[in-house]
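These notes concern the structure reproduced below.
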Amino acid sequence: MGSLACSAQDTPPLYWSDTWRGWHFYEQPVQEVPQPRPTRPTRVSRSLPPKSNPTVQPTATLAPPPVPAARPPEIAAFEQLQKALEEARTIAIMRPIEANVRRYMEIESRVVARASEFADMAQKVAWSTPQLDPTLQGRPVGAKALEVFERQQFDERSTLISSLGQDHVLLFFYRSDCPYCHAFAPVLQAFRDRHGIRVVAVSIDGGPLPGFADARADNGIATTLQVTQVPAVYLAQPFTGHITPIGFGILSESQLLERITQVATASTGPAATPGTLTTSSLPLQYIARSTR
């Protein structure tokens, strides 16, 4: 009896045995509570000695954050003035009454006065420090100093072009019916006589040109260089085949000096520089004969 009573208590009662609840068509089953699985003990590798007397690692102390450097009071004052100017300007634009506009103009006058003081002090510093004086760097601004600068620059460029004349020539392409070629011819002739560089005149149409009685008819070099506009000037080194365009149209003596100097100084070796034409198809013997 005892065992039957025990099993009856352990077994959940069926719904038809509970007459006091009545009859139910559906009966929710009893939810079983899952039992936790036993954890397996972690195996310790035999190769490692057992840890004895473990020591607690000390907690690393964090360094305090760096203290920001104190800002100069001038920066704070500048930001405050700039903010006040922007706010006053915005208010004056959105509501242009006399008081708002006057307030904006007063703040603006303070900013202009600060800028004027800075400009005066910067000028004094430049006067006393030649390395910071912009009037002493590059092209001068004074009339007399500019005259000396241009004369010195002219002499240096003329000397350079005279040295180039030892193994370089100027190729001058023209047409006998071109009025610009006739106007440019005296300028180029004077340039040749002054700086001592030979000019090889090449007539595209075979006609003559005053001042260049030794002009030669085009034998294909204009086509090779793709000369489509005259007058045209090229700097050529006959024995290497390096030909660089200098300019087209009527050029002044100062323009010729500047451009030829830039082309000559840009060349750092026998290799062709940007803008330089190097070709073996040019009639170099034709150019070389003209330099004799």
Per the filter on segment 195-219, residues closer than 13 Å to Leu170 by Cβ and charged (D, E, K, R) are Arg198
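Conditions tested, residue by residue: (1) under 13 Å from Pro231 (Cα atoms); (2) surrounded by fewer than 15 Cβ atoms within 10 Å (Cβ to Cβ); (3) more than 35 Å from the chain's Cα centre (by Cα); (4) in contact (Cβ under 8 Å) with a residue 40 or more places away in the chain.
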| residue | (1), (2), (3), (4) |
| --- | --- |
| Ala126 | no, no, no, no |
| Gln131 | no, yes, no, no |
| Thr135 | no, yes, no, no |
| Lys144 | no, yes, yes, no |
| Gln166 | no, yes, yes, no |
| Ala190 | no, yes, yes, yes |
Taking only segment 236-261 into account, find how many residues are within 16 Å of Val199 (Cα to Cα) and among the acidic types (Asp, Glu). 1
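Results for (1) touching a helix residue (DSSP H, G or I) at 6+ places or on another chain (Cβ under 8 Å); (2) of a type in the set (A, V, I, L, M); (3) under 30 Å from Val230 (Cβ atoms); (4) not assigned by TED's automatic domain parsing to the domain that holds Thr224, shown as yes or no for each residue.
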{"position": "Gln80", "(1), (2), (3), (4)": "no, no, no, yes"}
{"position": "Ala92", "(1), (2), (3), (4)": "yes, yes, no, yes"}
{"position": "Arg110", "(1), (2), (3), (4)": "yes, no, no, yes"}
{"position": "Arg157", "(1), (2), (3), (4)": "yes, no, yes, no"}
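Is it the case that Gln152 is at pLDDT 80 or above, not hydroxyl-bearing (Ser, Thr, Tyr) and not assigned by TED's automatic domain parsing to the domain that holds Phe248?
On the way: at pLDDT 80 or above: yes; not hydroxyl-bearing (Ser, Thr, Tyr): yes; not assigned by TED's automatic domain parsing to the domain that holds Phe248: no.
Considered against the rule, which asks whether it is at pLDDT 80 or above, not hydroxyl-bearing (Ser, Thr, Tyr) and not assigned by TED's automatic domain parsing to the domain that holds Phe248, Gln152 comes out as no.
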Which pairs turn up if I take residues in segment 214-235 that are without any contact (Cβ under 8 Å) to a residue 60 or more places away in the chain and buried (at least 17 other Cβ atoms within 10 Å of the Cβ) and look for partners that are of a type in the set (Asp, Glu) and in a loop (DSSP other than H, G, I, E, B) with beta carbon separation below 7 Å, at least 6 apart in sequence or on another chain? none
Could you check, for segment 187-207, whether at least one of its residues is in a helix (DSSP H, G or I), modelled with pLDDT of 90 or more, closer than 30 Å to Ala77 by Cβ and β-branched (Val, Ile, Thr)? no
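The values are calculated or read from the model by the stated rules, or taken from the named source; none is laboratory data. Everything quoted here is computed from the prediction, not taken from an experiment. Glycine gets a Cβ as well: all are built from the backbone with ideal geometry, and neighbour counts include every protein chain shown.
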